[in-house]
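*Asks:* Here's a structure for you.
Derivation of every value follows stated rules applied to the coordinates shown; laboratory data play no part. This one's a predicted model, so the numbers in the text were calculated from it and none came from an experiment. Cβ coordinates were reconstructed from backbone atoms using ideal geometry, including for glycine residues, and neighbour counts include every protein chain displayed.
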Amino acid sequence: METAIIKIGNSKGLRLSKTILEKYNIKDKVELILEKGHIILKPVATPRKNWEKAFKKMNESGDDKLLMSDVFDDENIEEWI
């Protein structure tokens, strides 16, 4: 795919289409990798983004309970103290 380099203030930039942004899940930032004469743009992954909000919502709705006990029936806690 060929695309034009455009003037942005005193710099120049690359315009990416909406289709490319959506297909590659590119939001606000990309990682720029320079490798053997190539420039690679890679989406910046934020896998835990908004987890704090989700946990707070789970807590408010009472949906943050353990699914299984953190102590097993045959476990002797005293040997860990």
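*Asks:* For residue 7, are the conditions met, namely being surrounded by 10 or more Cβ atoms within 10 Å (Cβ to Cβ) and either without any contact (Cβ under 8 Å) to a residue 60 or more places away in the chain or not in a loop (DSSP other than H, G, I, E, B) (or both)?
*Replies:* Numbers: surrounded by 10 or more Cβ atoms within 10 Å (Cβ to Cβ): no; either without any contact (Cβ under 8 Å) to a residue 60 or more places away in the chain or not in a loop (DSSP other than H, G, I, E, B) (or both): yes.
In short, no.
*Asks:* Looking for something of a type in the set (Ser, Thr, Tyr) and surrounded by fewer than 10 Cβ atoms within 10 Å (Cβ to Cβ) - is there at least one such residue anywhere in the stretch 40-50?
*Replies:* Here is the first cut: in the stretch 40-50, the ones of a type in the set (Ser, Thr, Tyr) are 46.
Narrowing the set further to residues that are surrounded by fewer than 10 Cβ atoms within 10 Å (Cβ to Cβ) leaves none.
Taking every residue of the stretch 40-50 in turn, none turns out to be of a type in the set (Ser, Thr, Tyr) and surrounded by fewer than 10 Cβ atoms within 10 Å (Cβ to Cβ).
*Asks:* Related question: In the stretch 18-57, which residues are closer than 27 Å to residue 3 by Cα and polar (S, T, N, Q)?
*Replies:* Step one: of the stretch 18-57, the residues closer than 27 Å to residue 3 by Cα are 18-45.
Hits for the stretch 18-57 are 19, 25.
*Asks:* Now, a different point. Could you tell me how many of the residues in the stretch 10-54 are in a loop (DSSP other than H, G, I, E, B) and of a type in the set (Lys, Arg)? Please lay out each step first, then the result.
*Replies:* Initially, the stretch 10-54 is screened for residues in a loop (DSSP other than H, G, I, E, B), giving 10, 15-17, 24-29, 36-37, 44-50.
Add one more test, that the residue is of a type in the set (Lys, Arg), and what stays is 15, 27, 29, 36, 48-49.
Adding up the residues that qualify gives 6.
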